[in-house]
Amino acid sequence: QTSEEILHHLQNIVDFGKHVMKQFFGENYVHHGEIIQLPLDFVRQLCLKVQPERPESRCDKDMDTLSGYAMCLPNLTRLQTYRFVEHRPILCIEIKPKCGFIPFSSHVSQEIKHKVCRYCMHQHLKVANGKWKRPSKYCPLDLFSGNKQRMHFALKSLLQEPQNNLKIFKNGELIYGCKDDQDSVCDWNELARHLKPFFFPSNGLVSGPHCTRTIVKELIHVITMALLSSTEACRAGDMKTVPISQGRSYCEASAFNKELVRNGKHKLESSGLPRGCLLYKTLQAQMLDMLDIEGLYPLYSRVEQYLEEFPEERSTLQIDGPYNEAFYEKLLDLSTEDDGTVAFALTKVQQYRIAMTAKDCSIMIALSPCLQDECSEQRPVVLTSKSRFTFSVSVLDLDLKPYESIPHQYKLDGKIVNYYLKNVQAKDDPVMSSLFKENEDCTLVLHKV
């Protein structure tokens, strides 16, 4: 790409964060960054310097060393909304929560999608493809439930199998989380050693498994409280909300749900999320996917057909930006009545892209210990049994998902569902599994009658 194209691309990312995602998530949660110019020699040196540090899976992607343009963003592992003593140790937890609702669209063709969430189904395909060694017990619907018991279970499951959904940093250094796809053995004792000074500063806790369990419990409590926190300063725009009650509030494959059923309870409590908290806003943005990919794909095809006939209309339709106030305004139309127009199809496609972005974002919770007399009214504070933290919550990875990725999403959705139906649900169903056991040698014996 030319320098102009790269500048335009970066400007789009900044504008999208500033004019669109800030409206959904609120001023204090989104850091859209700014574009800066760098000397090319500096960029080349930087590229060589970071290469050995990059994970193997990223090394096939080259850094742009020719345009001299870059985005300057805050380091969210250290960022705090409030200025205070910089030498304080900072703990940061990064969570990629994924999609927190079950599709409620009538376009869904397989009933299983109304019962089991996308994340839980996808886990089985990922394990089969060798991406992970074992499935995680984490279910996004538990985290987004607002029910503290379910949230604690979800966070504990993430700590057991972080995959690429959880990382913990201390003073900007990664201390917990997967280094690559297969490295999923995480040591809780090692984590507890890092966290002990934060949660038990006076060292009054004995070491051993009890100590580790207590520290992990405290960590989960702090993360839950930070995720449920909402401050008036972080209120999102006047987005009309999609009613969360439209979908069911639990996933049949969730380990928490299965445990309840095993204990003879069939009702899952869903406390609901406080309206001002970041999880609520994330879920609202995700639920702009009102038609599911199955209902959306024909609309995408309608837009594609129109663009084949009138390619010059691509910029008028704002498919590749500019992401300005006008672009945001069009997203507020939540009608699902298809009037057969390209305008309707395009609005749903753009809403779907926003929803996909929200399903893939990361939430950063930065925590720093504070003394009792320092914790003023202006700062959000979360308490544990022996310490108190001031904290900030931010959201990142908010680049708009590409328009061109929709066919891939459609194919992937079919793959995930078909694999789950054939290899997981069939085995879970005792009648089916006795009738159909895959890859098992069978002998047909014919008796003379």
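One decimal place: the segment GLN45-ALA128 gains 25.8 nm when fully extended, by the rule 0.36 nm per residue minus the C-alpha distance. In terms of packing, defined here as the mean over residues of other Cβ atoms within 10 angstrom, the peptides 380-386, 58-64 line up highest first as 380-386, 58-64.
Quick check: at a probe of 1.4 Å, how many percent of the accessible area of segment 2-42 sits on carbon and sulfur atoms?
On the way: 1120 of 2090 Å².
The nonpolar share, carbon plus sulfur, comes to 53 percent.
Other residues within the sphere of radius under 13 Å centred on the Cβ of LEU76, judged by their own Cβ, net out at 0 (K and R +1, D and E -1).
Cross-link pairs exceeding 20 Å between alpha carbons, from the set LYS22/LYS96; LYS156/LYS217; LYS348/LYS422: LYS348/LYS422.
How much net charge surrounds TYR323 when only other residues with a Cβ under 9 Å from its Cβ are counted (Lys, Arg +1; Asp, Glu -1)?
Numbers: positive: LYS18; negative: ASP15.
Once positives and negatives cancel, what remains is 0.
Share of segment 260-365's accessible area from carbon and sulfur, percent, 1.4 Å?
Numbers: 2400 of 4640 Å².
About 52 percent, which is the carbon plus sulfur part of the accessible surface.
Based on the mean of other beta carbon atoms within 10 Å per residue, what is the order of 28-35, 157-164, 171-178, most packed first? Write out the running numbers ahead of the final one.
Details: 28-35: 17.2, 157-164: 19.8, 171-178: 15.6.
Ranked from most to least packed, the peptides come out as 157-164, 28-35, 171-178.
Does segment 260-314 come out rounded, prolate or oblate, given a ≥ b ≥ c as the square roots of the eigenvalues of its C-alpha gyration tensor, rounded meaning a/c under 1.5 and, failing that, prolate meaning a/b above b/c? Taking the square roots of the gyration eigenvalues as a ≥ b ≥ c, segment 260-314 is oblate. Here's the picture: a label point sits 7 Å out from the Cα of LYS427 along the beta-carbon direction, and within segment 118-137 the residues with their amide nitrogen under 16 Å of it are 120-137.
Relative protection proxy for 187-197, 334-344, 97-107, 144-154, from highest mean packing down: 144-154, 97-107, 187-197, 334-344 (other beta-carbon atoms within 10 angstrom). Spin-label pair GLN11-VAL342: with each label point 7 Å from Cα along the Cα-Cβ axis, the two points sit 2.5 nm from one another.
The values are calculated or read from the model by the stated rules, or taken from the named source; none is laboratory data. In this text the structure is predicted, and so the values were computed from the model without any measurement. Here the Cβ is made from the backbone with ideal geometry for all residues, glycine too, and neighbour counts use every protein chain on show. To get the accessible areas, we keep the full protein, side chains included, count just its heavy atoms, and leave off ligands, DNA and RNA. Shrake-Rupley method; radii C 1.70, N 1.55, O 1.52, S 1.80 Å.
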